[in-house]
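Following: one structure in structure tokens, then a few remarks.
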Amino acid sequence: MKSIVAQELVKSYGKGGVKALDGLSLDVEEGTVLGLLGPNGSGKTTTVRVLATLLTPDSGSATVAGIDVLKHPDEVRKVIGLSGQYAALDETLTGWDNLTMFGRLYHLNSSGAKKRAEELLEQFSLTDAARRPIRTYSGGMRRRLDLAASLIVKPKVLFLDEPTTGLDPRGRMEMWGVIDELVKGGVTLLLTTQYLEEADQLADSIAVIDSGKVIARGSADELKNQVGGERLEITVEANQIADATRLVEQVTGVKPSVDHGIRKISAPVSNGSASLIQVLRLLDEAKIHPLDIGLKRPSLDDVFISLTGHVAEVVVGLEVGGKNAAKRK
Amino acid sequence: MLQSVSDFLVITKRQLLQMIRIPEVLIFATIQPAMFVLLFRYVFGGAIDSGVEGGYVQLLMPGIFVQTVAFTLAATAVGLAADMQKGLIDRFRSLPISRSAVVIGRTVGDTLQNVVTLIVMGLVGFLVGWRPSSGPIKIFLGFLFLLAFGYSMSWIGVIIGLSVREERVAQNLVFMTVFPLTFLSNAFAPTTGMPKILQYFAEWNPVSTMVAACRELFGTENVFGATANSWPSQNPILMSLIYMFLLVAIFAPISVRKYVRVSK
């Protein structure tokens, strides 16, 4: 069953009629995670706001948990949880105050709200900070509490709008762990992110969105295959480039592309690891010791560029960080 | 119905909790009017010949009370703008609560803060010589009037807060409008010195009718008003009630509509 369905959503802002959504359609199978991936301004947040009943689209329709978002927004609000990119909490109040307040607003009775607050604080490791004002919390703690507040009534459908934007790497890892646990619990999740890595990590299925439209849809693997298969990449000393290039061509049967600036040779391969071993053996015989060698599958970065024709600006720096981290392993 | 009452009470309770968690806000909200009492009492009080029994302070206190409750709209506007800015309004709007709960909760909460402020100001006034002479029932009615006026002004604050979406803009906008309103009135000085056209404005000004009404309820002759002999200056209590009714009747529905459609 589909838990979220959006059809042909259109939303323009302002007099100029800038289209934030331009015929966006998507659907999410019950109990799965859809990663809505796109750069800033691509329409991710607008999509979430429409589905979470905060914004009325100019045209199009949507259902959440089988309920029409435009006709019965009140019913939708009973079954969804929303956690935004800005931690929407009362900063002056304590974590406890916030959770009990939201519990009451979800119409739990007083003792029910307190009990649920306790459970959630425990679940999100915030019990020690429960009696402190939110303004003293770290970014990661705020996000966790914000997420906790959206889980008070165990929603059927959860919307997380850029849950890790602005968090440090540790906060991000913690948040990923928490989200992973939730997903195991069976909630349907729509997650927006500008981190390709995050969509890859958390989502069952990814919808790439650009200029208010879904431009590609599939699992991370499917999207990567759409761009092309594996590539062999070797970095060598400058004076060995010519020799190494010849060896790579000999193995792969394709003329490799060479980037002299970073001394990198790369070529597509069909039988990845076998080619890698063969090239390594030949290089060894030729007494060439590569500085770096490996098989590279296209990153979602590559996917994004090949789909949109432009780089997902915000993402590039982070993705480089990600690659370096992977190398260190 | 019962559910929507409990919804707005939760929002109101949130504001009371804020007062406990950051008492500075209430302290400053109280110090400022108390300071005004002292400044006007001792700086202008000597220069202005009031001609009423008990001196200038009898006329001054209703003026300062009204000015203070008129500024409730600032508290409301700034509070809501801050909630908008932080995305809290979005969260409230994603909850299954009645569409009027947040704005009613806010206006009621701000009015409860006024209770505390008015008590403190009344005490400061008493210390510097304010002696309402109309008896406990009328005095109580006077304060009730003040709270009701603050509450109705608060609805204008809702619209400002939801429209400007930024705390500082809300603050500037409110000060630019409320200050002239409170000074172009009979609150602190007689309107006789103003050009005739301003006298009319001053007498139709809700702040003036409120001040005149409170002077009446607290038992002081309103020697600062009624120079242009306009109807509101002669029927201040009735006129104030009409103003309050109009403020709520016009601005409350607009506020709720605004809240339902507001989007960041």
Please report how far the C-alpha centroid of region A:177-219 lies from that of region A:97-118, rounded to the nearest whole angstrom. 29
Can you give the helix-only mean residue ellipticity at 222 nm for chain B, where every DSSP H stretch with n ≥ 4 adds -39500 (n - 2.57) and the sum goes over all residues, rounded to the nearest 500 deg cm²/dmol? -25000 deg cm²/dmol
Other chains near A:100-111: what is the mean number of their Cβ atoms within 10 Å of each residue's Cβ? 4
How tilted is helix B:72-86 with respect to the longest principal axis of chain B? Cα atoms for both, answer in degrees (0 to 90, nearest 10). 20
Of the DSSP beta bridges with both residues in the protein assembly as shown, give the percent that are antiparallel, rounding to the nearest 5. 65
Counting other chain Cβ atoms within 10 Å of each Cβ in A:55-64 and taking the mean gives 1
Charge tally for neighbours of residue A:100 with beta carbon under 13 Å away, counting Lys, Arg as +1 and Asp, Glu as -1, is +3
Got the relative contact order for chain A handy, in percent, Cα pairs under 8 Å and 6 or more residues apart? 19
Got a sec? Charge dipole of the protein assembly as shown, +1 on Cβ for Lys and Arg, -1 for Asp and Glu; which of A:57, A:98, B:181 is way out at the positive end? B:181
Value of D in µm² per second that Stokes-Einstein yields for the protein assembly as shown, Kirkwood Rh from Cα pairs, at 10 °C (1.306 mPa s): 57
Relative contact order of chain B, pairs being alpha-carbon contacts under 8 Å that are 6 or more residues apart, as %: 27
What do you get for the angle between helix B:167-183 and the principal long axis of chain B? Use alpha-carbon atoms, 0 to 90 degrees, nearest ten. 20
Which of A:179, B:22, A:206 has the fewest other C-beta atoms within 10 Å, and how do the rest follow up to the most? B:22, A:179, A:206
Per-residue [θ]222 nm for chain A (sum of -39500 (n - 2.57) over DSSP H runs n ≥ 4, rounded to 500): -12500 deg cm²/dmol
Amide hydrogen neighbours beyond the local backbone of residue A:219, cut-off 5 Å, H modeled: A:206
Give me the three principal axis extents of region B:155-215 from the C-alpha atoms, as integers in angstrom, largest value leading. 40, 23, 16
Quick check: residue separation of residue A:78 and residue A:1 times 0.36 nm, minus the Cα distance between them. What number comes out in nm? 25.8 nm
Here the net charge surrounding residue B:75, from other residues whose Cβ is less than 15 Å away from its Cβ (Lys, Arg +1; Asp, Glu -1), is -1
Principal-axis tilt of helix B:23-39 within chain B, Cα atoms, nearest 10 degrees: 20
Positive-end extreme of charge dipole, region A:2-225 - chosen from A:176, A:23, A:83 (charges on Cβ): A:83
For residue A:168 and residue B:137, what is the calculated FRET efficiency with R₀ set at 60 Å and r taken between the beta-carbons, to the nearest 0.05? 0.45
Pairs from A:71/A:154; A:11/A:71; A:11/A:224 whose Cα-Cα separation, in the structure shown, is over 28 Å: A:11/A:224
Give the relative contact order (percent, whole number) for region B:170-264; include only Cα pairs under 8 Å separated by 6+ residues. 24
Just tell me how shielded B:82-93 is by partners: mean number of partner chain Cβ atoms within 10 Å of each residue's Cβ, no decimals. 6
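Bear in mind these aren't lab numbers, they're just calculated from the coordinates by the rules spelled out. Source: prediction; values computed, not measured. Every residue, glycine as well, gets a Cβ built from its backbone with ideal geometry; the counts of neighbours run over all protein chains shown.
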